[in-house]
Amino acid sequence: GLPTRLRLSGVVASEHALTSYTFGLKGTLDAVLSAELDSPGGCGAARALLPFELKTGRRTPSNSNDHQAQLLVYTLLLSEAHGAHVPAGLLLYSQMANTDGRGVSAVHADPAMLESLIIHRNRVAAGCAPQALQHGRMPPVLRDARACGGCFERAHCALAHAALEGGDAASFGVEALFLEAAGHLSPLQLSYGRHWLELVDIERRAAERRSTLKFTRPAGELEEEGVALTGLRLAGVEQLSAAQLSTEGGHVRSWAHTFTRAPPSPDSPASPPRPSPHLGASKLSAGDLVAVSAMAAPRGAARPRWLLASGIISEVGADEVVVLLEAPLPPPRHGARLRLDKEEVLAGFGTCRSNLLLLLSPAAKREEPLRLLQLVVDLAPPRFRPPDEGLSPLSAEAAASLQTLNADQRAAVTRVLCARDYALILGMPGTGKTTVIAHTVRALASAGQTVLLSAYTHSALDNVLLKLDEMGVPLLRLGEQLSRIHPRLHKHTVEALLESAHEPEQLSALLRDRRVVATTSLSLSHALLFERFFDVCIVDEAGQITEPVCLGPMRLAERFVLVGDHFQLPPLVTEPTAGERGMATSLFSRLCQAHPAAVCRLRMQYRMAADIMAISS
Ligand code: SF4
């Protein structure tokens, strides 16, 4: 029977994210409450956990069913994760506080309703599956002037319709919107858009397929491949100091959880396949994103499994693995075993897609809004000023420092200063690319230019920044994870500037004054970068990154400089089809071949013997 009364006794968790591998469901509960429930016959009270959902509005006939279904699912998630019966959930409508029930309504966890809900969900998922298997995965455009006129995605939607679906103003249905977003694109530019959006999609779908393996393949197989660690227990939890915590992807992960192998369970089958006790033998390493999940004790055929949290590995030792999480894990259920699965980072594909669509859009902040498109797609020849014009704005100090460089390096810096569109700097390892970049940045800053400095890896970026720091160039290092930034550069981060600013205006001024801003090529979501547009963008390691990644920093500046060596490792592509269709060729390589006159070669070798250099080239 249903409980008749309940007394709330506390809030157990807030913003509680739950995922059930068993049912294929996930949700973030506003709060989990503990309560005492009176049983219907008056024979005592029972304690229970209840999901709580806050709705900022009123209950209406049109939203009531949706909200009840949401709470029903939450009762299922909560009961699986905590191994307890969850009899009901609570809804609170903020604008009904003055009604009789004060806006609170209880949703009974009716098993028949839940079963019917999941059957419906499965039918919808099965209906969507055929479309999900096709390229693009886009439903038809609405062709509705009102809905599309107020849609934030209208420009990208029109561009994708034109490039991927070969659509035009008539098929889009809202002619003015289509022409504004995509009317300027030539057939060559549309075909470029389609080509690259398809390649990104091939890579993304492959990553998604790998990501679903952890739902469908036996744990032992994944452990053997080195992408999972199973049969673990939690050995300790420690809260980190501000300097140690991770803020990657906007998540503040300050709780270090240490996992070790759990002893064999008495409930295990007679001769279970035991994984190697050596945790360091797996392919998991520091910096990997992992899902932490729990599996119930092995009773019967089905072993429910549920996600507890996602985090970043900070250490892998022979006997233990340390993972940083946003909050402490809940106490383990009796007999449950923990497991870590490597997660695919899918966010980068969204950035690549967005970079491509922004390249196809006119850029209002640019002197010539379509110039980048013409340079990258039409391969328009880059323009240069005469050397004396390029060098004239340099300070005496910056000009003198160029004399410390060799002839090739000096020529490269001069070429960048003269570039009206772009310059390309090609140099093998040991030819002083980092030195050239540092001198170029200092020269540009001394000439009053703003610079966005970018590289694919934190280490390459910080190597240049350490030189700039020694040169005394004021800079701003953006990065979501302080632990990945070189300690000597922490003083140049937003966090450090925050400590020296007392007012928001003071902080804004400090941030604005930094002419040189540095970030990795995929970390472009910082709010500061939405506001700023730079004179020059310099991308290091440009021979090793795919074209859609390279476009990210390039679209934030009037001119660009690509630095690299395309004779070394090409961009990493996982799908052979995408590689064969051109994804393994960097933009740096393509531009070097199209316009050799724009390439500055660094030939003087400071690190390798001539014979070794001959082999590596
Ligand atoms: S612009 Fe595109 S995404 Fe937006 S409402 Fe219209 S059809 Fe939908």
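The values are calculated or read from the model by the stated rules, or taken from the named source; none is laboratory data. Note that the coordinates shown come from a computational prediction; the quantities given were computed from them, not determined experimentally. Note that we place each Cβ from the backbone using ideal geometry, even for glycine, and neighbour counts take in every protein chain shown. When the accessible area is computed, the model is the full protein with side chains, heavy atoms only, and any ligands, DNA or RNA have been set aside. Shrake-Rupley method; radii C 1.70, N 1.55, O 1.52, S 1.80 Å.
A few notes on this one:
- Scanning the stretch 371-395 for residues that are under 34 Å from the mean Cα position of the chain (by Cα) and either modelled with pLDDT under 95 or of a type in the set (Val, Ile, Thr) (or both) gives VAL376, VAL377.
- All conditions but one from (1) open to solvent by 30 Å² or more (accessible area, probe 1.4 Å); (2) part of a helix (DSSP H, G or I) apply to CYS550; the one that does not is (1).
- ALA46 vs. criteria at pLDDT below 90, surrounded by fewer than 18 Cβ atoms within 10 Å (Cβ to Cβ) and over 34 Å from the mean Cα position of the chain (by Cα): yes
- Which numbered condition GLU224 fails, given (1) open to solvent by less than 70 Å² (accessible area, probe 1.4 Å); (2) at pLDDT below 95: (1)
- If you go through the stretch 483-495 and pick out every residue that is open to solvent by 30 Å² or more (accessible area, probe 1.4 Å) and part of a helix (DSSP H, G or I), you end up with 7.
- Subset of the stretch 287-307 that is at pLDDT below 85 and open to solvent by 40 Å² or more (accessible area, probe 1.4 Å) - its residue that is nearest to the chain's Cα centre (by Cα): MET295
- Enumeration of residues in the stretch 425-464 that are of a type in the set (S, T, N, Q) and either open to solvent by 10 Å² or more (accessible area, probe 1.4 Å) or part of a loop (DSSP other than H, G, I, E, B) (or both): THR431, THR434, THR435, SER446, GLN449, THR450, THR457, SER459, ASN463
- Whichever residue in the stretch 123-156 is near the ligand (Cβ under 9 Å from one of its atoms) and open to solvent by 100 Å² or more (accessible area, probe 1.4 Å) and, among such residues, is modelled with the lowest pLDDT: PRO140
- When each of GLU575, GLU541 is tested for being touching a helix residue (DSSP H, G or I) at 6+ places or on another chain (Cβ under 8 Å), acidic (Asp, Glu), farther than 30 Å from PRO387 by Cβ and open to solvent by less than 60 Å² (accessible area, probe 1.4 Å), the lone residue that passes is GLU575.
- Exclusive hit being aliphatic (A, V, I, L, M), on the phi < 0 side of the Ramachandran plot, open to solvent by 50 Å² or more (accessible area, probe 1.4 Å) and within 16 Å of the ligand (Cβ to nearest atom), set LEU164, LEU179, LEU159, LEU117: LEU179
- For the stretch 411-444, a residue qualifies if it is among the aromatic types (Phe, Trp, Tyr) and out of contact with any helix residue (DSSP H, G or I) (no Cβ under 9 Å at 6 or more places or on another chain), but none of them does.
- Candidate set: the stretch 317-347, residues that are open to solvent by 20 Å² or more (accessible area, probe 1.4 Å) and not in a loop (DSSP other than H, G, I, E, B); chosen: the one nearest to LEU289 (Cα to Cα): LYS342
- Note on the stretch 80-114: among residues that are assigned to a helix (DSSP H, G or I) and hydrophobic (A, V, I, L, M, F, W, C), the one that is most open to solvent (accessible area, probe 1.4 Å) is MET113.
- Condition met for LEU190 (closer than 23 Å to PHE349 by Cβ, open to solvent by 20 Å² or more (accessible area, probe 1.4 Å) and of a type in the set (A, V, I, L, M, F, W, C)): yes
- Filter pass, THR414 being farther than 20 Å from SER589 by Cα, in contact with a Pro (Cβ under 6 Å, 6 or more places away or on another chain) and modelled with pLDDT under 95: yes
- Taken together, SER246, SER310, SER276, SER314 contain a single residue that is out of contact with any strand residue (DSSP E or B) (no Cβ under 7 Å at 6 or more places or on another chain), open to solvent by less than 70 Å² (accessible area, probe 1.4 Å) and either farther than 16 Å from GLU223 by Cβ or modelled with pLDDT under 75 (or both), which is SER276.
- In the stretch 467-482, residue least open to solvent (accessible area, probe 1.4 Å) [restricted to those that are part of a helix (DSSP H, G or I) and out of contact with any Leu (no Cβ under 7 Å at 6 or more places or on another chain)]: LEU482
- Qualifying residue in the stretch 506-518 (condition: part of a loop (DSSP other than H, G, I, E, B), within 23 Å of SER254 (Cβ to Cβ) and open to solvent by 10 Å² or more (accessible area, probe 1.4 Å)): no
- Count of the stretch 61-79 residues which are among the hydroxyl-bearing types (Ser, Thr, Tyr) and open to solvent by 50 Å² or more (accessible area, probe 1.4 Å): 1
- Residue within the stretch 182-197 that is assigned to a helix (DSSP H, G or I), charged (D, E, K, R) and more than 12 Å from the ligand (Cβ to nearest atom) present: yes
- Restricting attention to the stretch 520-533, the residues that are in a strand (DSSP E or B) and either modelled with pLDDT of 95 or more or surrounded by fewer than 17 Cβ atoms within 10 Å (Cβ to Cβ) (or both) add up to 0.
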